[in-house]
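Take a look at the structure below.
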Amino acid sequence: MKKVTFQELSQDYLNQLVKGAFLTVKHEGKVNAMTIGWGTLGYMWNRPIMMVPVRFSRYTHTLIHEAQSFTVSVPIAKDLKKALTLCGTKSGRELDKIDASGLTLAAPQSEAIETPVIAECELHIECKIVFKQAMDLSLLSDQIASSHYGDGDEHVLYYGEILAAYYTGE
Ligand SMILES: Cc1cc2nc3c(=O)[nH]c(=O)nc-3n(C[C@H](O)[C@H](O)[C@H](O)COP(=O)(O)O)c2cc1C
């Protein structure tokens, strides 16, 4: 395990995010991973913060809405395209996607985090949820509202304070 600097994190995370990363959540013993392609990374409230957007319709939302933490696992060198596609097209309501993808879970490093990380990925970010906000479409640009939310399935934005960020498998 190697701790990652914020600069390394920004570069490696943002490079891969557009291709997909795994957002994992655990609540009351249930663990689910879904693929994300959007999100932000920065500073708020004097803390390093990662924001992940989760639409109301996702099973992930059912879990994260009640959870205290989430983790994001990022493939850097390994080709996990098949797993990213499965976790981005099937719902955890229907199947255990981690098992079906042949992925395995690893314990988080931070004691304050209960959500595991995806062992096959090389970059891991562990976040404690400090703020969440459902999107108010009346405040969004009309163009984006109609292109992305025509069906009304808004995102809830989950802001996590980054408690640990590290590389594994090197
Ligand atoms: C490349 C890619 C990126 C995605 N990004 C997001 C995202 O940022 N937010 C979101 O809510 N859904 C996103 N999705 C869709 C979810 O991953 C998908 O609906 C998934 O099946 C939800 O799983 P769940 O019901 O188990 O939570 C993305 C899908 C793909 C393939």
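Return the residue satisfying two criteria in turn: it lies in region 1-19 and is within 14 Å of the chain's Cα centre (by Cα) and in a loop (DSSP other than H, G, I, E, B), and of such residues it is surrounded by the fewest Cβ atoms within 10 Å (Cβ to Cβ).
Taking the candidates together, the pick is 18.
Identify, by number, the condition in (1) away from the ligand (no atom under 11 Å from the Cβ); (2) in contact with a Ser or Thr (Cβ under 8 Å, 6 or more places away or on another chain); (3) not in a loop (DSSP other than H, G, I, E, B) that residue 22 doesn't meet.
(1)
Filter region 124-153 down to the residues that are charged (D, E, K, R) and in contact with a strand residue (DSSP E or B) (Cβ under 6 Å, 6 or more places away or on another chain) and list them by number.
Residues satisfying the conditions are 126, 128, 132, 153.
So that you can scan it fast, the table gives a plain yes or no per residue for (1) out of contact with any Leu (no Cβ under 7 Å at 6 or more places or on another chain); (2) surrounded by fewer than 17 Cβ atoms within 10 Å (Cβ to Cβ); (3) in contact (Cβ under 8 Å) with a residue 40 or more places away in the chain:
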position: 80; (1), (2), (3): yes, no, yes
position: 88; (1), (2), (3): yes, yes, yes
position: 92; (1), (2), (3): yes, no, yes
position: 100; (1), (2), (3): no, yes, no
position: 103; (1), (2), (3): yes, no, yes
position: 107; (1), (2), (3): yes, yes, no
position: 136; (1), (2), (3): yes, yes, no
position: 139; (1), (2), (3): yes, yes, no
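What's the number of the only condition in (1) within 17 Å of residue 160 (Cβ to Cβ); (2) within 16 Å of the ligand (Cβ to nearest atom) that residue 10 fails to meet?
(2)
Which of the residues spanning region 53-78 are under 21 Å from residue 149 (Cα atoms), aromatic (Phe, Trp, Tyr) and touching a residue at least 60 places away in the same chain (Cβ under 8 Å)?
Once the filter is applied, which keeps residues that are under 21 Å from residue 149 (Cα atoms), aromatic (Phe, Trp, Tyr) and touching a residue at least 60 places away in the same chain (Cβ under 8 Å), region 53-78 yields only 56.
Suppose we keep only residues that are among the hydroxyl-bearing types (Ser, Thr, Tyr) and in a strand (DSSP E or B) within region 141-170. Which one would you say is surrounded by the most Cβ atoms within 10 Å (Cβ to Cβ)?
By that ranking, first place goes to 158.
Would you call residue 145 in contact with a Leu (Cβ under 7 Å, 6 or more places away or on another chain) and within 12 Å of the ligand (Cβ to nearest atom)?
No; evaluated as a whole, the condition is false for this residue.
We did not get these values from a lab; they are worked out from the coordinates using the rules stated. This structure is a prediction, so every number in the text was calculated from the model and none was measured. Glycine also receives a Cβ, built like all others from the backbone with ideal geometry; neighbour counts cover every protein chain displayed.
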